[in-house]
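Take a look at the structure below.
Quick note: the coordinates plus some simple rules give every number you see, no bench work behind them. What you are looking at is a predicted structure, and each value in this text was computed from that prediction instead of being measured. Don't worry about glycine lacking a Cβ; one is built from the backbone with ideal geometry, like all the others, and counts go over all protein chains shown.
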Amino acid sequence: MEDKTRARKVQPHCLVLSHPFQGHINPMLQFSKLLVHEGLKVTLASTRFYINNLHININNNLPPSISLESISDGCDNGGIPEAGSYNAYLQRFWLVGPQSLVDLLEKLAKLGNPIDCIIYDSFLPWALDVAKKFGVVGASYFTQHVAVNNIYYHVQLGKVKVPLMEEDEISLPSMPKLQLCDMPSFFFTFEEDGPVLDMLVGQFSNIDKADWVLCNSIYELDKEVVDWTTKIWPNFKTIGPNIPSKFLDKRVKDDEDYDFTQFKSEDYCIEWLQDKPKGSVIYVSFGSTVPFDEEQMREIAYGLRNSNKYFLWVVRASEETKLPKDFEKKSEKGLIVTWCSQVKVLAHEAIACFVTHCGWNSVLETLSLGVPTIAIPKWSDQITNAKYVEDVWKVGIRAPIDDEEKIVRGEALNNCIKKMMESEKGKEIKRNAIEWRTLITRAASEGGSSHKNVLEFVSSLFSL
Ligand code: UDX
């Protein structure tokens, strides 16, 4: 490496600590791989139950520079369900987590493997206090979209009052005007989800003390918000997209060899894609947590069937019983699997578009691979992400919701598919998607905005 500071013998050691969600550990694992590639040693950690139940796909091996550890969340035997509710879980985790993190740092130090920096999931702000206690670098890592973080930040400042009214127009610096229907779901479900919103707002409780604020977003995608945020925190850096690098550039060669999932991938679906014509298959997936009721599943099922297009649909094992009884898992046009290697699927030339819930990772993956989107957001940040997909980046359309039933009807989905695959509008959206893919690939490649930010962060650790 050219940088002289990197010549020092000791390899800085980062602890990367993730909240126990697929949508969090995925990008934090990919970021860890980038750090290893740049010469750091990484210990990746999450909660005990979560880590013990992960599948490490493909080789069942981590590269030598990444080791896996866990801390207790007070629910070591059953994870979130053990606590009874997510709200109760957060309370337990907040109580038990900090001491367990201290224990882990002490254990690593005793083993002669001390930590120089904690990169903590922004959902776990107490990890920064632990970093300060040990005198090591504390870097907050935001897994969600920079614009969504901006909304929560303004709630913390008291500039967005909760609850919001239907007619309110939300005007935040560097962002398009938003209405209640564009806001993260916790603004609608405030009464039952108050503690979750508190947690999201709490991401900013001690952020001013963080040495770095890293965000899985891309400068080119959100220039205004990033410029605005950087004015508040000069150490704010966009380092995304944290997806397997081999799909962006060729920097990380062993990328394909491992990833973590809560579910076993059924990757025969990649073979199924092989003989399908270019741009002919609709990929459908709603991430790792979203549940739908039977009626919504039925509408999606018939919408897909009636489109008469090829489709590959991920229906998690826990959702399978909600499929209509007469709906085959494998038919002439369609294939249903319980999980797949999503990025590989999206990168396949047979894929025409992605029907998605707009979880942030799914959005970043589809943008990075130039695949247009049909958005069916369900909750959380997905709603705001869908707004950006349709109105800001113009890479997709949001499926209209039936006002009475609050679901997307099969006919509405079918119309979106037609629009996407058969109309001039669909072609325009595809062109936009390709343009964003080019910009994002550039940002992640040698000399690009995200790559430079990663190097700046790494160099700072080498010069400690
Ligand atoms: C959650 C929240 O829902 C989301 O809104 C938030 O931004 C992050 O945490 P999740 O719902 O699981 O995540 O969605 P998403 O962010 O899209 O993450 C899902 C991940 O699982 C993606 O990286 C996707 O590639 C992967 N995946 C999904 C697979 O590997 N295979 C599948 O079959 C489906």
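Quote the charge dipole size of segment 397-439 about the Cα centre in Debye, to the nearest 20; the model charges only the Cβ of Lys and Arg (+1) and of Asp and Glu (-1). Walk me through the intermediate numbers first.
Numbers: 10 positive and 9 negative charges, 70 e Å.
Here the size comes out at about 340 debye.
Relative contact order for the chain: what is it in percent, counting Cα pairs under 8 Å that are at least 6 residues apart? All intermediate terms of the calculation are to be shown ahead of the outcome.
Values: 834 pairs, mean separation 74.0, N = 464.
Reported relative contact order: 16 percent.
Among the lysines, which fall within straight-line cross-link reach of K159, defined as a Cα-Cα distance under 26 Å, with same-chain neighbours fewer than 8 residues apart omitted?
List returned: K177, K209, K223, K231, K237, K378, K387.
Report relative contact order for segment 216-318 in percent, whole number only (criteria: Cα-Cα under 8 Å, sequence separation at least 6). If you can, show how the numbers build up before the last one.
On the way: 53 pairs, mean separation 21.2, N = 103.
That works out to 21 percent.
How high is the relative contact order of segment 268-440? Use alpha-carbon pairs under 8 Å, at least six apart in sequence, and give a whole percent.
25 percent.
Dipole magnitude of segment 268-440 about its Cα centre, charges +1 at Lys/Arg Cβ and -1 at Asp/Glu Cβ only, in debye to the nearest 20?
Numbers: 25 positive and 25 negative charges, 103 e Å.
The calculated dipole for segment 268-440 is roughly 500 debye.
When each pair of different Cα atoms in segment 268-440 is counted once in the 1/r mean, what is the Kirkwood radius in angstroms, to one decimal? Each step should come with its number before you reach the end.
Values: mean 1/r = 0.0632 Å⁻¹.
One over the average 1/r among Cα pairs gives 15.8 Å for segment 268-440.
What angle, in degrees between 0 and 90 and rounded to the nearest 10, separates the Cα long axis of helix 146-156 from the longest principal axis of the Cα atoms of the chain?
Value to nearest ten degrees: 70.
Binning at 10 angstrom from zero up to the longest distance, how are the C-alpha pair distances of the chain distributed in percent?
All Cα pairs, binned at 10 Å, distribute as 4, 20, 32, 28, 13, 3, 0 percent.
Report the extension gain between Q262 and K133 in nm, rounded to one decimal, defined as 0.36 nm multiplied by the number of residues separating them, less their alpha carbon distance. Write out the running numbers ahead of the final one.
On the way: separation 129, 0.36 × 129 = 46.44 nm, distance 3.28 nm.
Computed gain between Q262 and K133 is 43.2 nm.
Just report the Cα centroid separation between segment 370-426 and segment 15-44, whole Å.
When both Cα centres are located, 31 Å separates them.
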